[in-house]
1. What's the extension gain from Leu376 to Phe295 if we count 0.36 nm per residue and subtract their Cα-Cα distance?
2. What lysines could a cross-link reach from Lys392, if we take a straight Cα to Cα line under 18 Å and drop same-chain neighbours fewer than 8 places away?
3. Please identify the DSSP H helices in the chain that span no less than 24 Å along the helix axis (Cα) and have a mean Kyte-Doolittle hydropathy of 1.0 or more.
4. Expected output is a single nm value to one decimal: the length gained when fully extending between Thr9 and Leu304, i.e. 0.36 nm times separation in residues minus the C-alpha distance. What is it?
5. How much accessible area per residue does region 207-283 have, in Å², with a 1.4 Å probe?
6. Using the Cα centre of the chain as the reference point, and only Cβ charges (+1 on K/R, -1 on D/E), how large is the resulting charge dipole? Debye, rounded to the nearest 20.
7. With the crude spin-label approximation of a point 7 Å out along Cα→Cβ, what separation in nm comes out for Glu46 versus Leu265?
8. Which three numbers, in whole Å and largest first, are the semi-axes of the equivalent ellipsoid of region 263-369 derived from its Cα gyration tensor as √(5λ)?
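The values are calculated or read from the model by the stated rules, or taken from the named source; none is laboratory data. Quick caveat, the model's predicted, so the values are computed rather than measured. Reconstructed Cβ throughout: ideal geometry from the backbone, glycine too, with neighbour counts over all protein chains shown. What goes into the accessible areas is simple: the full protein's heavy atoms, side chains included, and nothing from ligands, DNA or RNA. Shrake-Rupley method; radii C 1.70, N 1.55, O 1.52, S 1.80 Å.
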Amino acid sequence: MTEPTVSTTALPWYLASSSVWLVGMTLQGFLVAWMLAGLLQVSAFEYGISRALIEIPPMLMLLLGGIWGDRSDSRKLLTITGVLIAIPPIIFAFLVDYISYWGVVLFSMTIAMMQSLSDPARQSIISRVTRTDIQRTITLVTVVTTFAGLGGFWIGGKLELFGLSNVLILEAGAFLLSIIAIRKLPRLPALRTSRTNLNSGLRLLWNLPLVRNVIALNFVSSLFNAGAYIVGMPYIVTQIYEGDAAFYATTMMWFTVGSIGSNLLLLLIMPLKYPGRLFLIFQLTRIVILVGLWFQPPSWLFFLLVMMWGINMGITSTLVRTTVQELAPPSDRTQILGFLLFSFMVSSPISALILGALIASTDPMTALLPGIPISLFIFGIGLFASGLWNFKSTRQ
């Protein structure tokens, strides 16, 4: 089924909704890491366990979200999940005096489940609210929303000034604001005319070799590249650099600035004729960055390398998304994107357990080392066995 043309105001409203949504999610990610590693000072092994517990239940919700998104009006789905996700921060704001390990895990798990339910629909409708090529549209969305997400890090850095309860209320407010903007979109009814399920989606994915290979490579990359940042960075900040909440927020802001800068650069040179080649080349540049960080440089160089890491991961993640968006059939795009997001999520608990145990038995910097051979492996497989190097985009 072809995709209907939407009004010229659809993309700005989508950007507004996704931007304030990301402010809330960015703040959520910061708070979870800091409450566990900073306030409760749990061990790296316990932190890894918590990340695994937080991520496992949302996996099912992500696949359900992909199916639901293909069957229903995406605007209605995002409205419902926007209301539901705002409730836990409000409740938790009144319980901060009783903060505990299991309380944080349950709170974070609930937020992650609601995010997973909505993310496939939020990603898939990008193709339905734009009038330009998908490469530049996704890059623009990434730049705008990630820049807005800096606000979440800024608020997190002021945690001691604002207080945890007030910051949680601000998080809930961001989610509720996203609903106002999403309601300005036109109706976005399902594009499928027949029923879809998980098995049919898996068969479709298997019959799209390049999409299948991109998602598989993304999964491997997420294990020890994104995983090293998510699991290792809180302990690198607190144990190696003896940083506080402000230092951790600054670290995340520099990473985000790098991600924004990389996507601005992509926006200037897109559409790319061979996006897969750039994705694979950047696997090699990541090796240099990880080695530089492993040597425990002074704080100014540490921030610079973190920014370069953000540039690297910003480019590779955007290229993965644009490739899958371009190749996925419109009627099944939400479910295919659900599988892509699932590849991120299923890697998270695995890497959390492995890297958490690795940090606990050695030191935080060791979490950076597995990403080096993994990046080299992705480059080799991607070059010789995936078809990604020769993939030529048709959206030029």
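1. Working: separation 81, 0.36 × 81 = 29.16 nm, distance 1.96 nm.
In short, 27.2 nm is gained.
2. Cα-Cα hits under 18 Å: Lys273.
3. Details: long enough: 10-33 (34 Å, 1.23); 44-71 (41 Å, 0.71); 74-93 (30 Å, 1.52); 101-124 (35 Å, 0.40); 134-157 (34 Å, 1.11); 164-182 (28 Å, 2.13); 245-269 (36 Å, 1.47); 275-294 (29 Å, 1.50); 299-327 (42 Å, 1.03); 333-361 (42 Å, 1.57).
Those that clear 24 Å and a mean of 1.0 are 10-33, 74-93, 134-157, 164-182, 245-269, 275-294, 299-327, 333-361.
4. On the way: separation 295, 0.36 × 295 = 106.20 nm, distance 3.76 nm.
So the chain would gain 102.4 nm between Thr9 and Leu304.
5. Values: 2720 Å² over 77 residues.
That works out to 35 Å² for each residue.
6. Values: 23 positive and 15 negative charges, 330 e Å.
Once rounded to the nearest 20, the dipole reads 1580 debye.
7. 4.1 nm
8. Working: eigenvalues 175, 86, 18 Å².
Each semi-axis is √(5λ); the values are 30, 21, 10 Å.
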